[in-house]
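Enquirer: I have a structure here, written as structure tokens, and I will follow up with some questions on it.
The values are calculated or read from the model by the stated rules, or taken from the named source; none is laboratory data. Please read these numbers as outputs of a predicted model, since none were measured by experiment. With ideal geometry, Cβ positions are generated from the backbone for all residues, glycine too; neighbour counts draw on all protein chains shown. Side chains are part of the model used for accessible areas, which takes the heavy atoms of the whole protein and leaves out ligands, DNA and RNA. Shrake-Rupley method; radii C 1.70, N 1.55, O 1.52, S 1.80 Å.
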Amino acid sequence: HIDFTDNQPVVDLIEKKPYGLMPLLDEEVKIPRGSDTTWIGKCKQHNSDHPSLVSGPGGNPNRFVVKHYAGQVGYDCGGFVATNKDNLFRDLYDVMSSSQAPITKAVFPPKDNNPRRISTLGEKFRRALLDLMTLVDGCEPWYIRCIKPNDTKSSNTFNAKMCIEQLTYAGVFEAVAIRKNGYPFRLSHRRFANRYRCLAYKPETGWSRLGTRRDDWRSMCSVLLSSVNQDFSNVQIGSTMVLYRAEEHRILELLRNLCLEKVLPVAQRAARKRIGRSFRRCMINARYICKRALEAGAESNSGALKAAIAHAEEVAAPAKACFTWEPPEMVHCREMLFAIEEREALVNVLKKLLMRDPTEVYGELRAAVSRCTKIRHLPGASAENRELEAQARAALQHASSIKLDPIADEALALLEKRVMEEVVAEAAASEYASPAIEEVKRKLALPEAEFVALQLEVAKATNDPARVVNRQIKLKEMYLDANEGAFPLKSLELLRDPDEWASLKPLKTLKLGKKSKAELARGFLLHTNDPIHKSLLKISGLKGEAVKQFKNLLGYSGDRKYQYPDPLLHEILVKGLEMEPLRPELYVQVMKQLNENPSEASIQRSWEVLMMLLYTFPPCSAIENFVHSFVRTHAPSAQRDKLKLAVHMSVAEGSKAQAPSGVQIPNILGKFFDREIEPRYNIEEDVVAAAPPLRSNRTGWGAASVLVAQSSTEVKSFEPKNSYSRAESFNAPSNAPPPLPAKPPSDPLAKALYDYDPSGQEGMLSIQAGQILTILDKEGSDWWMGELDGIKGWVPAAYVTLI
């Protein structure tokens, strides 16, 4: 038995006639001069003993409280009578009810002629509720309890107290308790027997016999329950269903899962055995059909092969859903059918191609020969087929010698790897071999370093400076990759001995300082905030500039406080250009300050110094590899590749004529990683700009036109400037086309970045952002002479950029 709160007394208080709250309210509407006060007085008078109706708090006569099942609810009687009235006038209601529209007549049904019969809103509501209950009683409803998680209608907000109250007041807990004490699990006899039939399987003895008829499901359920060593006395087997509770359901499901672990492997073995036997039977029948067709001479009869294959596919169809394997005889039949159809098609194709010049139909001829190669191993070729194929192969060899040998010669002349790989692939597709092709294969088989070195020699011989730089950078990268870690800064021969360097510091200065000689020696190549007392390299003639420029480096990087640090970088660059022996010292000083630097700001500023050094002048050959190695190991990962390339570009381009000004330095740093990279610095692509020294007059196959530049390409003399071109000047070979005359130099153009208004100053040029002007003189670092619309004048160099 489950105790639950009966809400019937409250229902009677509200709607039971004659003294319920709603009936009294309807009566108050109908009597003359009915009011809220008289209604609440009658309610309290007739229901004074009812436990669910109490007076309102504070002694207010117009307030009352109803103790609902869900809790106490307070009401104020003000406006009850007026709200309950149907304020629609009778004559207006009669007009609406006389309408011929079905919907309007349904909403306004005709009223009787009794003027005292007044229909209130409460009466209409109760009538609609009774109609709804009548409808529900005639159906089998399924109720869904909707629980509001919060009062704010917000997502991801759960009010536990509010939800518990709703479940309590809605009677959900009592409904669940009733369901649990009843039989919540109800299955028909047949469904129960089918679901738990596996309980009859015993691993030791196999399937147990139930001893019942196949259609006696009720008896089968009883036997199943009794065959399990569990107490199922609470399971009720009715006339049509098996009823049980949650505890029995958990035990039954557990036993079923345990049995399925034993039953499923047995069922799978049986299923696989059946599927395997069916597949074997289908394949044997299909194999027999194809074998019989081949023995009957169907190898040369396409119709017989098609019929045999169709019959075999029909026989093997049941097994195709699980397996894709086919017997060898069936595969052979398909190959023979393809060969017959292909040979019939190739006869006409080859006859047409052999009537034309093989060089004109080279691609089509190669495709036809490739089709012949695919079916060459299959029997059944006629004498005509063999003769046509032999003629086609001979024609293809002849065409290949005309097409591919010139390309191979040109590829060998320039050693352009992409073209060499293409011509080898083309020769392989055409089954063509020649000394030139074999030589191309031999060159491609060389180690990469040796091949790139040969490319460099060809670039020098063809006077191709861009390719010379490209291949030298490639060799340099390969050398650095192969010798990674071989160039630590401490192994630089120009460096002073750390102990000797520390001992050079004056004793008086050493006593005033905070570091001993041993500490100075340990920090020889590590970051420091203190000035150095002597140059780091064993280079004479620096005249104290090494110490001075290190102070400038400390000031620019922020390791020492300077009021105006930016001009210090300009001074470093100027001195580096003026004093060539100072340049390696500057590079080593920057690398020292980047080694174990604890300050992110100082690291950033020190990298800026290194970037500007690379922009202004390259590292000398003695420290070049050490700078490469340092950038590879210490540069930030996001900018490492760009900085590696910047070192190569610096070496290739050499020193600038003058150091960038203080105004130009921020612009250079801002665009350092975004500047356009010339093709000669892209080592992933081999740059070929020169005509081959022995260019054949014969035209190669279609791609040959893009292998090399046109012979009219301008060939410029190459003047060595740096370590990437330290060899002698390269002269064009005698049989190379003569260089074209140089074009007369033109004044550079520049684009205005900002507006500049000289305000009437004489000799100045007014410009606006975006305008294009001609630069007549840019020797000065701060002011350039420009011309715009025929007017000449000076403009700030920082306000324009060359285009």
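Enquirer: Can you send over the carbon and sulfur percentage of the accessible area for the range 546-615, probe radius 1.4 Å, protein chains only?
Expert: Numbers: 1380 of 2800 Å².
Carbon and sulfur: 49 percent of the exposed surface of the range 546-615.
Enquirer: Can you give the relative contact order of the range 1-58 as a percent, counting alpha carbon pairs under 8 Å and 6+ residues apart?
Expert: Over the range 1-58, the number comes to 27 percent.
Enquirer: How large is the dipole of the chain about the Cα centre if only Lys and Arg carry +1 and Asp and Glu carry -1, each at its Cβ, rounded to the nearest 20 debye?
Expert: On the way: 108 positive and 99 negative charges, 786 e Å.
Approximately 3780 debye in magnitude.
Enquirer: Could you pull out every one of the lysines with an alpha carbon less than 24 Å from that of LYS778, ignoring same-chain neighbours closer than 8 positions?
Expert: LYS575, LYS656, LYS671, LYS721, LYS743, LYS751, LYS792
Enquirer: Students often forget the sequence filter, so: which aspartates and glutamates lie under 13 Å Cα-Cα from LYS148 once same-chain residues fewer than 8 apart are removed?
Expert: The reachable aspartates and glutamates, counting only those whose Cα sits under 13 Å from LYS148, are GLU165.
Enquirer: Pairs of Cα atoms under 8 Å, at least six residues apart: use those to get the relative contact order of the chain, whole percent.
Expert: On the way: 924 pairs, mean separation 54.0, N = 803.
Computed over the chain, the figure is 7 percent.
Enquirer: Within the set LYS30/LYS124; LYS551/LYS644; LYS474/LYS644, which residue pairs have Cα atoms separated by over 23 Å? Before the final figure, lay out the partial values.
Expert: Values: LYS30/LYS124 15 Å; LYS551/LYS644 27 Å; LYS474/LYS644 12 Å.
From the list (LYS30/LYS124; LYS551/LYS644; LYS474/LYS644), the Cα-Cα distance tops 23 Å for LYS551/LYS644.
Enquirer: Grab the beta carbon distance between ARG272 and ASP151, set R0 = 56 Å, and tell me the FRET efficiency rounded to 0.05. Could the numbers behind the result be given before it?
Expert: Working: r = 60 Å, r/R0 = 1.07.
E between ARG272 and ASP151, to the nearest 0.05, is 0.40.
Enquirer: Using helices alone, I'd like the mean residue ellipticity at 222 nm for the chain: each DSSP H run of four-plus residues gives -39500 (n - 2.57), total over residue count, nearest 500.
Expert: On the way: 30 runs with 408 residues, N = 803.
Result for the chain, helices only: -16500 deg cm²/dmol.
Enquirer: Across the range 245-398, how many lysine pairs separated by 8 or more positions, or lying on different chains, have Cα atoms within less than 23 Å? Please report the intermediate quantities before stating the final value.
Expert: Working: LYS262/LYS273; LYS273/LYS320; LYS291/LYS306; LYS291/LYS320; LYS306/LYS320; LYS306/LYS374; LYS351/LYS374; LYS352/LYS374.
Counting lysine pairs in the range 245-398 gives 8.
Enquirer: Hey, another quick one. For GLU341 paired with VAL136, estimate the spin-label separation in nm (one decimal), with each label point 7 Å from Cα along the Cα-to-Cβ line.
Expert: Inter-label distance under the simple model: 7.2 nm.
Enquirer: Past 26 Å, Cα to Cα: identify those pairs from LYS44/LYS85; LYS403/LYS443; LYS17/LYS161; LYS517/LYS538, in the order given. Kindly include the intermediate steps, with their values, before the conclusion.
Expert: Values: LYS44/LYS85 22 Å; LYS403/LYS443 20 Å; LYS17/LYS161 37 Å; LYS517/LYS538 19 Å.
Flagged as over cut-off: LYS17/LYS161.
Enquirer: Identify which of the listed values of Rg/Rh (Cα atoms, Kirkwood Rh) was calculated from the structure shown: (1) 0.97; (2) 1.05; (3) 1.23.
Expert: The calculated read-out lines up with (3).
Enquirer: Now a separate question. With a cut-off of 20 Å, note down the residues of the range 559-602 whose backbone N falls inside the zone around a label point 7 Å from the Cα of ARG522 toward its beta carbon.
Expert: 592-599
Enquirer: Sticking with this structure for a sec: Run the reach check for LYS42 against aspartates and glutamates, Cα to Cα strictly under 18 Å, same-chain hits fewer than 8 apart removed. What comes back?
Expert: The qualifying aspartates and glutamates are ASP12, GLU15, ASP26, GLU27, GLU28, ASP76.
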